[in-house]
1. Between I44 and residues 5 or more places away or on another chain, which pairs have amide H atoms under 5 Å apart, with H built 1.01 Å from N, and which residues are they?
2. Over the alpha carbons of the chain, what is the largest minus smallest coordinate on each principal axis, giving the biggest first in Å?
3. Non-local amide H neighbours of Q141 (under 5 Å, H modeled in plane, Pro and chain starts lacking H): which ones?
4. May I ask you to evaluate 6.51 cos²θ - 1.76 cosθ + 1.60, the Karplus curve with θ = phi - 60°, for each residue of the stretch 125-141 and list the ³J(HN,Hα) values in order in whole Hz, giving x for glycine and proline?
5. With only Lys, Arg, Asp and Glu charged, each at its Cβ (+1 for the first two, -1 for the last two), find how big the charge dipole of the stretch 16-164 is about the Cα centre; round to the nearest 20 debye.
6. Taking springs between alpha-carbon atoms closer than 10 angstrom, which of W29, W65, W115 fluctuates most in the Gaussian network model of the chain?
Amino acid sequence: MSLHRVVSNARPRSPGLGALVLFAAAMGWLEGVVVVYIRALLGIAHGGVYPGAQTVLARMTALPWLIRTEQTREVATLAMLAMVAWLAAPRLRGRFGAFLVAFGVWDIVYYIALWVMLRWPPSLAAKDMLFLIPPHPWWYQPVWVPVAISCGMIVAGVRMFRRGGPGA
C-alpha cells in the first residue's frame, strides 16, 4: 500500500450534508430563542404586528448596549456558519456551497422557530428587521424575501457542495 493511500485513508471523513443541515437547524432554533428574549426586552408582544423599522431601531437605541451586542451576535453567527462549512468540505467550492446550505437552513428554521414560539410571522408578507450590520431601515423587509433567498441559497449550495465536497 502506498504512503499516499494510507494518508488519504487516514483523513477524517466529512459528515456530509446531513450533519451540516442538523447543525444549521439547531442554530436557527437557537437564534429564534434569542430573538424571543430580545422581543420581550423591547416590549414587542408575542405574535401580532411587528413595529416599523424606525420604532424597532429607536427601542434598541434606548438600550445603548443592545445594537452593539446584537451586531457581535450576528458576526459570531456568520463565523460559526462559515467554520462548519469549512469543515464540511475539502475544497473551496464545496465549502462555499456548504456555507450557502447552512445559511439558508439556519434562516428558514429561525422563522419556523419564531412561528412555533410566538405565532409570528402571521404571514410571509409580515415585515422583519433582517440584520443590524449596519443598522438601517433598508434591512426591514417582508419575511418572504429572506425565505426566498434562503431557498435559492440551499439549492445552489447543494449543487456546489456536491461538485466540490467530499469525494468530488
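Nothing in this text is a laboratory measurement; each read-out follows from the coordinates by a stated rule. Here the structure is a predicted model, which means the values were calculated and not measured. Positions of Cβ are backbone-derived with ideal geometry, glycine not excepted, and every protein chain shown enters the neighbour counts.
1. Result for I44 returns nothing.
2. Cα extents, longest axis first: 67, 31, 26 Å.
3. Residues meeting the amide H criterion: D128, L130.
4. 7, 4, 8, 9, 7, 7, 9, 10, 10, x, x, 6, x, 4, 6, 8, 9
5. Charge dipole of the stretch 16-164: 420 debye, to the nearest 20.
6. Looking only at W29, W65, W115, the biggest GNM fluctuation is shown by W65.
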